[in-house]
Every structure is written in C-alpha cells, then in structure tokens.
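The values are calculated or read from the model by the stated rules, or taken from the named source; none is laboratory data. Source: prediction; values computed, not measured. Here the Cβ positions follow ideal geometry from the backbone for every residue, glycine too, while neighbour counts run over all protein chains shown.
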Amino acid sequence: MTHSILGQPTRTGHFKEFAAGARDIIPMMVGAAPFGVIFGTLVASGPLHLWHGQLMSLVVFAGSAQFIALGLIAGHASFAVIWATTLVVNLRHVLYSATLAPHVAHLSARWRCVLGALLTDEVFAVAWEHYRHREAGTVGPHYFFGAGLAMYLNWQLWTVAGLLFGAAFPGLQSLGLDFAMVATFIAIVVPQLVALRYIAAAATAGTLAFFWQAWPYKLGLLGAVFAGVAVGVLLSMSRSNPRKTRNTRGTHGTRHTRGARDTAEASR
C-alpha cells in the first residue's frame with residue numbers, strides 16, 4: 001500500500017486495495033451469475049411485478065433469502081412467516097459478523113454499516129481470507145468494500161438479465177444452473193478446512209442439515225449450524241486446555257523449585 005510522509009495510506013493505496021478486493025471476488029461472481037438470472041426468471045413468471053424483483057435484489061441482497069421469500073409469496077404466506085423464515089436462513093450472517101468483527105472494530109460506524117450491508121457468503125469468504133493473515137485492526141475497509149461492491153453490482157446485473165430475458169427461456173430454472181451456487185459454496189468451505197476441528201464442524205453441520213431438511217421454516221438448517229458451531233467450539237476448547245494445564249504445571253513447578261532453592265540458601 002502506498003503511504004504518505006506521515007505514514008497514512010494515500011488514495012492510490014486505497015484504490016489498490018479496492019481493486020484487489022474486486023479482482024479476488026471475480027470467481028465468486030461467475031458462480032452467482034446463473035443464480036441471479038434464475039431469480040429474475042422466477043420473478044418474471046411469478047406474481048410479482050418486475051420492479052418488485054429488482055427492488056428485492058437492491059434492498060435485500062441475499063440470494064437464498066430472496067428465493068425463499070419468492071416461494072412463500074407465491075404460496076400466499078403471511079408477512080410474519082416470510083419475515084421469520086428469511087430471518088432464520090440469514091442468521092448465519094451473525095457468525096460471519098462475529099468472525100470479522102475484530103478486523104473492522106476500529107472502523108467508523110458508517111464504514112461498518114456499509115460493509116455489513118454488503119456482506120454475503122462470497123464476500124465473507126474473500127474478506128476473511130484477506131484478513132486472517134493480518135493482525136486485527138491494521139487493515140482498512142477498502143479491500144472488503146471492493147469485494148462487496150463488485151458482488152452487489154454483479155447481482156443487480158444478472159437479476160436484470162433474468163427479468164428482461166428470462167421469459168425467452170421458460171425452462172431455464174429446470175436446467176440445473178443453480179448447481180453453480182452449490183459449487184460456489186463448496187469452493188468457499190473447502191479451503192477453510194485446514195484443521196480437524198473445522199472438518200468436524202463442517203461434517204456435523206452438513207450431515208444434520210441433510211437429515212433435518214424436512215423441518216419447517218428451514219429450522220433444520222439453523223439447528224445444523226448451531227450443532228456444527230458447538231462441535232467446533234468444544235474441539236477448540238479441548239485443544240487449548242492441555243496447553244493451559246501444561247503451562248500451569250510448569251509455573252507451579254518453577255515456583256516450587258525457586259521456593260526450595262530459597263529455603264536451602266536460608267538454611268545455609
């Protein structure tokens with residue numbers, strides 16, 4: 001990053017960080033493209049007006065929640081059901097926020113609000129890969145912002161494409177293009193499995209999500225997430241406790257040795 005004489009990042013450095021974030025998220029943007037087209041196509045063939053679908057992408061900006069809400073609206077579900085279901089599905093963002101919080105806590109409230117609004121699964125994966133190798137509080141918001149804004153504009157573009165041209169391909173949603181998003185999620189998760197506790201947490205959540213998928217309002221997904229987190233936390237605690245125990249024993253041993261030495265010297 002380019003710095004000024006006083007050591008502060010310059011605009012050139014900010015732009016480089018922004019461009020790096022936008023560049024690194026390009027593979028994720030490719031995976032999200034067919035997902036956005038399918039969403040726009042479903043809106044065009046459903047009960048909503050076209051502008052409703054685009055407004056949803058502009059304001060909600062959460063692919064899975066938008067698909068679920070669209071299905072519930074088509075099924076004439078109440079507002080409370082739609083709100084509660086999408087809330088449950090998006091609770092995973094709380095985990096994302098908790099993970100990234102130490103790296104953005106030093107930013108202003110305005111920056112945190114902007115970055116929070118742009119946070120998605122793909123943006124989290126890219127931002128976390130950038131932050132995890134750096135000390136918390138030493139990185140500015142521009143890399144995160146570049147990745148988030150690029151994904152946001154990408155989602156709007158492909159939503160428009162689906163709204164305008166999806167009707168020309170009535171069987172588009174049945175072609176299996178939504179697997180691109182599944183592949184994207186696999187690409188997000190697999191690089192993070194660098195330790196046994198991460199693998200155990202992912203295996204637990206994935207297995208339970210499969211067996212609990214019939215639960216209403218996607219509660220099975222939420223339960224699987226909490227179970228996976230619990231397994232990961234327990235394994236992390238069991239991994240750190242032996243160290244503490246050894247350190248404590250070492251400290252006590254040193255103290256006892258010093259005490260015996262002092263006693264011996266006093267007796268002399």
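For segment 91-138, please list each of the helices (runs of 4 or more DSSP H) lying entirely inside it that holds at least 2 residues being out of contact with any Pro (no Cβ under 8 Å at 6 or more places or on another chain) and exposed (fewer than 14 other Cβ atoms within 10 Å of the Cβ). Give the steps one after another, and end with the answer.
On the way: elements: 92-104, 109-117, 121-131.
Because the criterion is at least 2 residues that are out of contact with any Pro (no Cβ under 8 Å at 6 or more places or on another chain) and exposed (fewer than 14 other Cβ atoms within 10 Å of the Cβ), the helices (runs of 4 or more DSSP H) in segment 91-138 that meet it are 92-104, 109-117.
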Whichever residue in segment 4-24 is modelled with pLDDT under 80 and in contact with a strand residue (DSSP E or B) (Cβ under 9 Å, 6 or more places away or on another chain) and, among such residues, is surrounded by the most Cβ atoms within 10 Å (Cβ to Cβ): P9
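What number of residues within segment 56-68 are surrounded by 16 or more Cβ atoms within 10 Å (Cβ to Cβ) and in contact (Cβ under 8 Å) with a residue 40 or more places away in the chain? Quick ask: steps written out before the conclusion?
To start, the set of residues in segment 56-68 that are surrounded by 16 or more Cβ atoms within 10 Å (Cβ to Cβ) comprises 56-57, 61-68.
Okay, now just the ones that are also in contact (Cβ under 8 Å) with a residue 40 or more places away in the chain, so 57, 61-63, 68.
Residues meeting the conditions: 5.
Can you pull out every residue in segment 74-90 that is closer than 18 Å to T41 by Cα and not in a helix (DSSP H, G or I)?
Once the filter is applied, which keeps residues that are closer than 18 Å to T41 by Cα and not in a helix (DSSP H, G or I), segment 74-90 yields only G75.
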message: in a helix (DSSP H, G or I) and free of Cβ contacts under 8 Å to residues at least 24 places away in the same chain: which single residue out of G71, G53 fits that description?
response: G71
- request: Looking only at segment 244-255, decide whether some residue is surrounded by 10 or more Cβ atoms within 10 Å (Cβ to Cβ), under 19 Å from the mean Cα position of the chain (by Cα) and at pLDDT below 80.
  value: no
